[in-house]
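First comes the structure, then the notes that go with it.
The values are calculated or read from the model by the stated rules, or taken from the named source; none is laboratory data. None of these values were measured; they are calculated from a predicted model. Please note: Cβ atoms are built from the backbone with ideal geometry, for glycine as well, and neighbour counts cover all protein chains shown.
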Amino acid sequence: MPKTFLIDTSRCTACRGCQIACKEWKGFPAVHTKQTGTHQNPPDLGPYNYKLVRFQEYKMKTRVEWLFFPEQCRHCLEPGCKAGADAILEGAIIRDPTTGAIIFTELTKKLTEQQAKDVQAMCPYNIPRWDKKEGKLTKCDMCIDRLQAGMVPACVKTCCTGCMNFGERDAMLKLAQERLATVKKNHPKAMLLDPEDVSVIYLVTEDRKLYYEFAEARTPAPMPGMTRQELLAKAAAPLGRLLG
Ligand code: SF4
Ligand code: SF4
Ligand code: SF4
């Protein structure tokens, strides 16, 4: 049974503790950034930012509200990135059998930049980033080293509001349904995002279209030389359903 996150955005205060805890655990350096008129900073995920709290302004009838989305890899149950990588180099992307974590291995260094772009294009959530310095694809690894040492992911450990939850899949699915029923009392449009397809389930308070564009799974671009049938055969849900 894979491990699962429940990210209950109704409880997120956008403190960015999770974003910093991720960088700290990974030993990532600060990156040069600049003010772009939003509190979202840095502006995007990157090779030294596996976690990013996205900020969205949402205009209500009488006021403007923030929507917060602490983004990371969804650790898909049938990941498009792995389907794409398997077609090029077996072992570049693997699934940890115990936790279900989708791991980009050092073999991704053997991918050319173009092949890496092809793999990126297979992710419905636009997660993988190219590390130019190391010449490899990167993303969240579910803190697999911490899990193997009996700890929870760093981002979960640091979140003190109850937004980030982590555990056995059955328990997280049950919690997700309970929290959804509660949150819906004040936010009737609240929903769970793709709970049957991913190991990182988001509970959002408003229509997913109000969040940033990849909160919604996109239809991936087929890789060069791959027919639509081959893509469908390699990439099942959620990609298969999207393309079907
Ligand atoms: S630590 Fe928790 S409350 Fe703070 S930004 Fe991250 S998910 Fe939100
Ligand atoms: S979100 Fe993208 S990078 Fe993460 S497992 Fe799914 S397909 Fe792969
Ligand atoms: S699980 Fe670990 S690597 Fe992934 S976002 Fe959280 S802290 Fe970062």
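Out of curiosity, is GLN35 within 13 Å of ligand 1 (Cβ to nearest atom) and either at pLDDT 95 or above or in a loop (DSSP other than H, G, I, E, B) (or both)? When the stated conditions are applied, GLN35 does not pass them.
Screening segment 134-173 for residues that are in contact with a Lys or Arg (Cβ under 6 Å, 6 or more places away or on another chain) and small (Gly, Ala, Ser) and picking the one that is surrounded by the fewest Cβ atoms within 10 Å (Cβ to Cβ) gives GLY162.
Considered as a group, the residues in segment 34-66 that are aromatic (Phe, Trp, Tyr) and out of contact with any helix residue (DSSP H, G or I) (no Cβ under 6 Å at 6 or more places or on another chain) include one that is nearest to CYS15 (Cα to Cα), and that residue is PHE55. Each residue in segment 145-170 was checked for being within 16 Å of ligand 2 (Cβ to nearest atom) and either free of Cβ contacts under 8 Å to residues at least 12 places away in the same chain or among the charged types (D, E, K, R) (or both), and 1 pass.
So in segment 27-46, with the set limited to residues that are farther than 21 Å from PHE214 by Cα and among the hydrophobic types (A, V, I, L, M, F, W, C), which one is surrounded by the most Cβ atoms within 10 Å (Cβ to Cβ)?
PHE28
Once segment 29-80 is narrowed to residues that are among the β-branched types (Val, Ile, Thr) and touching a residue at least 12 places away in the same chain (Cβ under 8 Å), the residue that is nearest to ligand 2 (Cβ to nearest atom) is VAL53.
Just to be sure, is VAL119 within 16 Å of ligand 2 (Cβ to nearest atom), crowded, with 19+ Cβ neighbours inside 10 Å and not in a loop (DSSP other than H, G, I, E, B)?
yes
Would it be correct to say that ALA87 is away from ligand 1 (no atom under 16 Å from the Cβ) and crowded, with 22+ Cβ neighbours inside 10 Å? When the stated conditions are applied, ALA87 does not pass them. For segment 3-22, the tally of residues that are surrounded by fewer than 18 Cβ atoms within 10 Å (Cβ to Cβ) and either more than 7 Å from ligand 1 (Cβ to nearest atom) or aromatic (Phe, Trp, Tyr) (or both) stands at 1. Scanning segment 40-83 for residues that are over 14 Å from the mean Cα position of the chain (by Cα), outside any strand (DSSP E or B) and among the hydrophobic types (A, V, I, L, M, F, W, C) yields MET60, ALA83.
Assess whether GLN114 counts as being at pLDDT below 95, away from ligand 3 (no atom under 16 Å from the Cβ) and in a helix (DSSP H, G or I). In short, yes. Checked against the criterion of being within 25 Å of GLU168 (Cα to Cα), in a loop (DSSP other than H, G, I, E, B) and without any contact (Cβ under 8 Å) to a residue 12 or more places away in the chain, segment 86-97 has at least one qualifying residue. Could we say that THR62 is closer than 24 Å to LYS133 by Cα and among the β-branched types (Val, Ile, Thr) here? It is false that THR62 is closer than 24 Å to LYS133 by Cα and among the β-branched types (Val, Ile, Thr).
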